[in-house]
Amino acid sequence: MKKSTKIKDEIHTLAHFGLPIVLNGIAFLLRKIKKYDTQNTAIIADKKYKHSSKISKALKYIDDHNRMICDSRLYNTPQSAQEKMDVFKAHCKYIEVEIFSYCNRKCAFCQNAYIDRHSKNIFMQNDVFCIIIEQLASINFSNSVCFHRYNEPLADKIVVERTRFVREKLPNAVIGANSNGDFATKELLSELAEAGMNYLSITRYPPSNKDWECEKEQRKAITEFAEKLGLKYEYIQNDKLKITEFENFDIEVRASKLADIVSNRAASVNCKDAPRRKMPCLKPHSALHINYDGSINPCCHTRSDVKAHKFMDIGNIREMSIFDAFSSEKYCLLRYMLKDYGDKKIFPCNVCTEPRIYS
């Protein structure tokens, strides 16, 4: 069998496993090809194949992936304070700030099923929150600032005050949150819109931690939510709608099948027989995650109150700036270990089932 034919067959096989696998596997396969000659390029781009659109996206991923990983400053701790700020501004696209600890749910696919986030609410101290936002303001940060981690951000109206403060300090930032929607009211959403929030992603979960049985159930769940709050809406697809009530405030309500959106949370829930991870993970290349107590994590799945994740703590905002954290030796090493396709050498990343590559 000719080498080009073998590569074509492997690509075609990968396409059946879904976009996340294709995006990562294709990069691995292309490294098998010594030269990107015309023949091989034609094979990959051939529109005759059923999954050619996925292949095109895969090629775009390779370009994006290469651009991101080519900056050596992400793997070698910069020496000067200014260089650290420059690296952060160039690469950090997303920062999570957990404004308080409380969540009202104990979902089986979340660590809150066995960690107490329910009996009391511990707020991020005001000086810690202000330090984070002031540091972002010092570089005119214009990417995403989000108020969720493992809390329910709409459970306390301090989210309105925090939104207003961030909007004042970061006029060009994209402010948002993920929510279960249990505390949402038309009045609260209106206040968030007025304060300057840009987006809210609300996920309605099936009862009793069982998955949705059909699209009819999913559509009913999102419709009932919007109509109960008296909100104008339009459907995007059967399991997703958009609230059209507010200007400049994008609100999506979804009822996705759990099988499509959950992972083992970096080997901390449902981790039986987890496969070895081969896909790259570029989350640490472009995001920073700050818990309510000021501790800093490299990923949305790792958290400071999970014993198995303690090794993943980068530091605490009281002891280091966000720029120091992003360019710390530990963070740089982690990025280097996760940037390529192949077996991961560090726990819990080596058995993490998160399909997405980016935050």
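Okay, here's what the table says:
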read-out	value
Test: residue in segment 197-204 that is modelled with pLDDT of 95 or more, open to solvent by 50 Å² or more (accessible area, probe 1.4 Å), among the hydroxyl-bearing types (Ser, Thr, Tyr) and under 24 Å from residue 287 (Cβ atoms)	yes
Residue 296, sole failed condition from (1) assigned to a strand (DSSP E or B); (2) in contact with a Cys (Cβ under 7 Å, 6 or more places away or on another chain)	(2)
Residue that is nearest to residue 194 (Cα to Cα), among those in segment 170-183 that are open to solvent by 30 Å² or more (accessible area, probe 1.4 Å) and outside any loop (DSSP other than H, G, I, E, B)	174
Residues satisfying the stated conditions in segment 225-249, i.e. part of a loop (DSSP other than H, G, I, E, B) and open to solvent by less than 80 Å² (accessible area, probe 1.4 Å)	229, 230, 231, 238, 239, 244, 245, 246, 249
Qualifying residue in segment 217-224 (condition: in contact with a Ser or Thr (Cβ under 8 Å, 6 or more places away or on another chain) and open to solvent by 20 Å² or more (accessible area, probe 1.4 Å))	no
Residue list for segment 93-113, filter: part of a loop (DSSP other than H, G, I, E, B), of a type outside the set (Val, Ile, Thr) and at pLDDT 95 or above	98, 101, 102, 103, 104
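Listed here are the residues, each with its yes/no results for (1) under 19 Å from residue 150 (Cα atoms); (2) of a type in the set (Asp, Glu); (3) crowded, with 21+ Cβ neighbours inside 10 Å.
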residue	(1), (2), (3)
251	no, no, yes
275	no, no, no
286	no, no, no
305	yes, yes, no
316	yes, no, no
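Conditions tested, residue by residue: (1) more than 13 Å from residue 102 (Cβ to Cβ); (2) outside any helix (DSSP H, G or I); (3) of a type in the set (S, T, N, Q).
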{"residue": "115", "(1), (2), (3)": "no, yes, no"}
{"residue": "119", "(1), (2), (3)": "no, yes, yes"}
{"residue": "139", "(1), (2), (3)": "yes, yes, no"}
{"residue": "149", "(1), (2), (3)": "no, yes, no"}
{"residue": "164", "(1), (2), (3)": "yes, no, no"}
{"residue": "168", "(1), (2), (3)": "yes, no, no"}
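Listed here are the residues, each with its yes/no results for (1) assigned to a helix (DSSP H, G or I); (2) under 20 Å from residue 94 (Cβ atoms).
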residue: 277; (1), (2): no, no
residue: 288; (1), (2): no, yes
residue: 304; (1), (2): no, yes
residue: 308; (1), (2): yes, no
residue: 320; (1), (2): no, yes
residue: 325; (1), (2): yes, yes
residue: 356; (1), (2): no, yes
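The values are calculated or read from the model by the stated rules, or taken from the named source; none is laboratory data. None of the values given here were measured: they were computed from a predicted structure. We place every Cβ from the backbone using ideal geometry, glycine too, and count neighbours over all the protein chains shown. The accessibility values were calculated without ligands, DNA or RNA, using every heavy atom of the protein model including side chains. Shrake-Rupley method; radii C 1.70, N 1.55, O 1.52, S 1.80 Å.
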